[in-house]
Amino acid sequence: MDDHSNVLADCVLYVSKGVISAIGKGGEAPPADFEHAPLLDTGGTIYPGLIELHNHLSYNVLRLWAVPQLYANRDTWAGTPAYRSLISGPMGVLGRTPSLVPALVRFVECKCLLGGVTTSQGIALYSDAGIRHFYRGIVRNVEQTDDPKLPNALARIPDVAAGSSDAFWKEVEKAHSFLLHLSEGTNPSARKHFTDLNLAGVDPATAHKLVGIHCVALEASDLELFASKGCSMVWSPLSNLLLYGQTAHIAELKAAKVTIGIGSDWSPSGSKNLLGELKVAQLYSKNASGGPIFSDEEIIALATRNAAAILGWEQEIGSLETGKRADLIVIQGSNKDPYATLLEANERSIELVVIEGVPRAGLSKHLSKFTGAGEEVAVGGEKRLVNLAQETENPDVSKLTLAQATSMLEDALQNLPDLAKAPTPVAALAPGAKSVHPTWKLALDEIEDTHFVLRLPLAGEDVASARGPVEAAAPPVLTPLQLDPLTVADDPDFLGSIAKEPNLPPYLAPGLTELYS
Ligand SMILES: [Zn+2]
C-alpha cells in the first residue's frame, strides 16, 4: 500500500507523534525508540485511511430517498414537494435548532469513522452574528486543516452563473485546489454549467486546480478540454445513477488520464460511507460495456492515492510510507487478495480506524491498548469502541456521547412536525451586531435561505444567484421520520431500498447484496 503499489505480506508499522516513522518486517527487532511501545497484532490487512472528496455531511442523518422518477439535473428535483417534505424541510428544521447541531455533528462524524473514512469535507456553520466557519472535528476536514502541510481545499456548491467566469477563475487562482459541483445532471442545461466556465481560455497553471464534482453532463469534446487543462474530478456513482440513471463518462475520463477521486455525496441519494461507494464504483466498472474500467487496485486508489494527489497532499497521506501521516484502517483477514478484502468488507470487518496516529474506532481489544477508554457502540450487533476525545473540540459537542446524540436526533426526527412549529429559538441579530455567545446553526449548502451567500461569493456576484434554491412560501408537509442507521450492517432496510430504486441499473442491487454479504 505504498506509492508504488507494493503490498507487504508481513509488516509492522511504527507510529510516533502521528507519523509513520518506520515500516519493518514481522519478527524483526523494532527500531530503538520502539522497544517499549505497545505492539498490536491485528492479523488483518492495513490500508491507508479512506479520503472522501465530496459529501454534504450534515444531511447524513437522513435515510435513502425513494426517488420517485428519473431526473435530468439537480434543479428538477430540488424544489419538488417530495424533496421538500423528506429532505430540505426536515434539514431546515434540524439546522435552525441550535440544541440539535452538536448532536448532528457527533452523529455524522461517527458515521464516517465507522465506514473507515479518515478525511472528508467539513460541516459549515453560521452564527447569529453572521459568522461562517467550518466545524473542525475528529475526521480530517479538507476545507479546514489548520496544517500548513495540508493546504485547505476550497469548495463551492452553487453553479457559476454565465458572466461570472472571470471572477470564478480569480478565486481558483488564489486557491490550492478548488472543488466545484459541476454539471450534475444529463440535460443541456447541466452541460451549460460547464461551458459557462469558459475553460478554454484559462491558464493551465490555474485551470489544473479545478476539481469537478459529478461532471455527468460533460460530452466528448468537454472531456478532452477538461483533461488537456489538467483538471481532476470527483465521482459519486450511486447518487448519479439513483437520480439520473447515468454517471460521468468514467472510461473516457480515465483514458484521458484525468485523476479521479470519489465521494458518497450524501445519504439521501448515496452510500452511507466510502466503503459502500467503492463497492458501487467496482460494480459500475465491472459492468461497463467493453469490460472493467478499473482494476480493484485502481478502485481503492480513488479513495487513497488519487484523492491525496487531487488535494496536493500526496507527500502526507494517501499511502502507507515512512514519513507520512498515520491515517490508516485495518480490515479483518489477510489471506485473500488485499484489494478484494477491502472491497468485500462491511463495517463489521473494520477492526481499527486511526487518524494521525490516534486510534478512533475499532475493536475494544485494540483501542483499549492505546487509549484506555472509549464509548461502546454496536456495529452489526458486535461491540466496538469509538474514541471521541479531542483537545480542540467544540465544548457543546464534547459534552455529548454518540448514544446521547443518536437519541436526541431520533426524538427530533420523530417529533419533526412539532419541532417545525416551534419558533426559531434565537432571533437573528441586526447585521454588524455582535453576539457574546454566538448560537451556531448549520449552513446547509443547497436548501436553506440563510441570508448568507453560500461558500465563496464571487466578486460582483448577486447574493440570490449564489444561494441554493430558496424555499417556496408554503411550508413543506412534514411527517415523523426515522434516523438513518450508522452503518449498512445496522440497517435492515438499506439493500432492500436500493433494490426498489427505479433508476439504478439492474446489476447494482444484487451486486451490492453480494459484496455486503
Ligand atoms: Zn453534492
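Read the figures in this text as sums done on the coordinates, not as results from a lab. As the structure is a prediction and not an experimental result, all values here were calculated from the model. Note that each Cβ is placed from the backbone with ideal geometry, even for glycine, and that neighbours are counted across all protein chains shown.
Under Stokes-Einstein, with the Kirkwood radius over Cα pairs standing in for Rh, what whole-number D in µm²/s applies to the chain at 37 °C and 0.692 mPa s?
140 µm²/s
Compare the peptides 210-220, 22-32, 75-85 by average per-residue count of other Cβ atoms within 10 angstrom and give them in order, highest first.
By packing density, highest mean first, the sequence is 210-220, 75-85, 22-32.
Quick one: grab the alpha carbon gyration tensor of region 11-129, order the square roots of its eigenvalues as a ≥ b ≥ c, and give me rounded if a/c is under 1.5, else prolate or oblate depending on whether a/b is larger than b/c.
Taking the square roots of the gyration eigenvalues as a ≥ b ≥ c, region 11-129 is prolate.
Would you work out which of ILE260, ILE299, THR341 lies farthest towards the positive end of the dipole of region 251-341, given +1 charges on the beta-carbon of Lys and Arg and -1 on that of Asp and Glu, about the Cα centre?
Projecting each Cα onto the dipole axis, the largest value belongs to THR341.
With a 10 Å radius around each residue's Cβ, average the other Cβ atoms per peptide and rank 184-192, 499-507, 8-16, 310-318, highest first.
Ranking the peptides 184-192, 499-507, 8-16, 310-318 by packing returns 310-318, 184-192, 8-16, 499-507.
Counting only C-alpha contacts under 8 Å and six or more residues apart, can you give the relative contact order of region 1-144 as a whole percent?
Here the relative contact order equals 20 percent.
Please give the net charge around SER183, taking every other residue with its beta carbon less than 11 angstrom from that of SER183, where Lys and Arg add +1 and Asp and Glu add -1.
The answer is -2.
Provide the packing ranking of 86-96, 34-44, i.e. peptides ordered by the mean count of other C-beta atoms within 10 Å per residue, highest first.
Sorting 86-96, 34-44 by mean packing, highest first, produces 86-96, 34-44.
Return a whole-number percent for the relative contact order of the chain, with Cα pairs under 8 Å and 6 or more residues apart as the contact set.
About 25 percent, as a whole number.
What relative contact order, as a whole-number percentage, does region 256-362 give when Cα pairs under 8 Å and 6 or more residues apart are counted?
21 percent
Sort out for me the Cα centre separation of region 204-265 from region 309-355, rounded to whole Å.
That distance is 24 Å.
Is region 89-171 best put as rounded, prolate or oblate by its Cα gyration tensor, with a ≥ b ≥ c the root eigenvalues, rounded for a/c under 1.5, and otherwise prolate when a/b is larger than b/c, oblate when not?
Cα axes put region 89-171 in the oblate bin.
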